[in-house]
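Derivation of every value follows stated rules applied to the coordinates shown; laboratory data play no part. Note that the structure is predicted; figures quoted are calculated from it, not measured. A quick note on method: Cβ atoms are made from the backbone with ideal geometry, for glycine too, and the neighbour counts reach across all protein chains shown.
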Amino acid sequence: MSHIFPRNSRASLPVIDRGEGVYLVDSTGKRYLDGSGGAAVSCLGHSDAAVNAAIKAQLDRVAFAHTGFFTSDPAERLADALIAHAPAGLERVYLVSGGSEAVEAALKLARQYALETGQPARHRVIARRQSYHGNTLGALATGGNMWRREPFAPLMIETTHIAPCYAYRGQDPGESAAEYGQRVANELEAEILRLGPETVLAFVAEPVVGATLGAVPAVDGYFRRIREICDTYGVLLILDEVMCGMGRTGTLFACTQDGIAPDILTIAKGLGAGYQPVGAMLCSAAIHDAIAAGSGFFQHGHTYMGHPVAAAAALAVLGRLTDDGLVERAQTMGARLRTALQTAFCQHPHIGDIRGRGLFLGLELVADRETKQPFDPARKLHARLKAAAFEAGLICYPMGGTIDGRQGDHVLLAPPFILEDAHIDEMVTRLGTALAQSL
Ligand code: PLP
């Protein structure tokens, strides 16, 4: 009997033995093509020599020194390298151990900034329905996945949710993409006015929605209007790139493609690429400087923040992404994967939409392509698809059922950037097999 407290007490899982490039191999020798990098984590695959070497070298120097006493060479170099590549205006880095921690830090930093700049009434957060920002209480409150939030709602900070920018289901017939983008972005302004602008702290969004919708980017112009609204009302813009950042969409930061920079940005997953648990919050000089000139102290912290081994791993990952052309590779291989998916499934009666950016792609499954009618959630299609794909030796990331009262099933593909054309063929074939078995 296992003594590990499992996520699902009824599931019995294979034991992982090793990783080989884009494959994971279990203790029976069965090989799985990692078509989703776990949950969009493993951007470099599973046996990257440069990252392994960086971790080992750092372990041989020092594994841990508390940030209350020391900074470290890898943490300093990682922060410098992130800022060198970050969207304009982001100038400081706060290193943590994962995505939820990065989002918590972002929310608390926003609140402290409001206090230290004489805006104590600002405490309300606005986010979007059908979003996910993590499972700790602040991040969970912000997320718009009602199923996850509901049991813990009494413990949460005050957050309200507006519509996501989800053109496949949201765009009205006869409305252009640009008009749709402005209409949904303007929901933010209406919500700020409804709540009282002087009480609104921040707006939080994923530039490309991952876990809850399956790689849904906003339409062009949406985020530029969002930036404008935030500036008008002094609301901080927090962009959560925990899943879509670190090159996954074909640029190191996804928001670059939307033509804007946030006040605060969160990253994790691809930052450590699975080699170490690490996340980061990047913030503007204005926020940092206000606190530096005020209390001088961000009232937050974790034991393992700025961990030297995690920082060394992340620095090596960033080097692989930027110096070895892997971000560009996410773009080119993403285009090939998308074409392969379109060729294989564009006539499929139950695939309503193929979307995403770079190597961050999603397929939406529908009972009827014409009406976009989703499948009955009782079928648990996403769960059946996940099981059938796993059986066929493909790891993908299906989600769905009833999300916030809306039905839908989708599957997210986010393979390692090192994948080759043969892996694309294998992925599409296995996905086709899994779809046929689960529909
Ligand atoms: N934010 C986004 C957009 C995510 O997709 C996730 C995880 O899936 C998180 C935050 C939480 O990250 P973590 O699971 O590392 O705490």
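Think of the chain as having a plus end and a minus end, set by charges on the Cβ of Lys, Arg, Asp and Glu; of 138, 341, 383, 383 sits farthest toward the positive end of this dipole.
Restriction of the chymotrypsin sites (Phe, Trp or Tyr not before Pro) in the range 287-348 to DSSP coil positions whose beta-carbon has at most 15 other beta-carbons within 10 angstrom yields 297.
D for the range 52-323, whole µm²/s, Stokes-Einstein with Kirkwood Rh over alpha-carbon pairs at 25 °C and 0.890 mPa s: what number? The estimated diffusion coefficient comes to 130 µm²/s.
Subtracting the Cα-Cα distance of residue 436 and residue 322 from their residue separation scaled by 0.36 nm leaves 37.2 nm. Volume per residue of the convex hull around the Cα atoms, evaluated for the range 59-204, comes out as 179 Å³. Note on residue 372: lysines with a C-alpha under 24 Å away, same-chain residues under 8 apart excluded, are 380, 386. Dipole orientation for the range 52-323: of the candidates 87, 157, 257, 157 has the Cα lying most toward the positive pole (charges on Cβ; Lys, Arg +1; Asp, Glu -1). Treating r as the C-beta distance of residue 26 and residue 88 and R0 as 35 Å, the FRET efficiency rounds to 0.20.
The ellipsoid equivalent to the alpha-carbon distribution of the range 303-390 has semi-axes of 36, 20, 10 angstrom, derived from the gyration tensor eigenvalues as √(5λ) and listed largest first.
Just add up the charged neighbours of residue 301: K/R +1, D/E -1, any other residue whose Cβ is under 12 Å from the Cβ of residue 301. Show your work: numbers first, answer last.
Working: positive: 108; negative: 101, 104.
Combined, the nearby Lys, Arg, Asp and Glu give -1.
Based on DSSP H runs of at least 4 residues, each adding -39500 (n - 2.57), what is the mean residue ellipticity at 222 nm of the chain after dividing by all its residues, to the nearest 500 deg cm²/dmol?
Details: 14 runs with 167 residues, N = 439.
Computed ellipticity for the chain at 222 nm equals -12000 deg cm²/dmol.
Given springs between every Cα pair under 10 Å in a Gaussian network model of the chain, which of 36, 72, 100 has the largest fluctuation? Greatest mean-square fluctuation among the candidates belongs to 72. For a straight C-alpha distance cut-off of 15 angstrom, the aspartates and glutamates reachable from residue 108 (same-chain residues fewer than eight places away being disregarded) are 116, 158, 240, 263.
Its Cα centre serving as origin, the chain has a Cβ charge dipole (Lys and Arg +1, Asp and Glu -1) of approximately 920 debye.
For the range 1-97, a simple Cβ point-charge model (Lys and Arg +1, Asp and Glu -1, everything else neutral) yields a dipole of about 380 debye relative to the Cα centre. Springs join every pair of Cα atoms under 10 Å in this Gaussian network model of the chain, and among 183, 122, 227 the largest mean-square fluctuation is at 183. Of the residues 238, 69, 303, the one whose Cα sits farthest toward the positive end of the charge dipole of the chain, with +1 on the Cβ of Lys and Arg and -1 on the Cβ of Asp and Glu, is 303. Give me the distance between the Cα centres of the range 152-191 and the range 105-148, rounded to whole Å. Each part's Cα centre sits 17 Å from the other's.
When 85, 423 are arranged by Cβ crowding within 10 Å, least crowded first, meaning fewest neighbours, the order is 85, 423.
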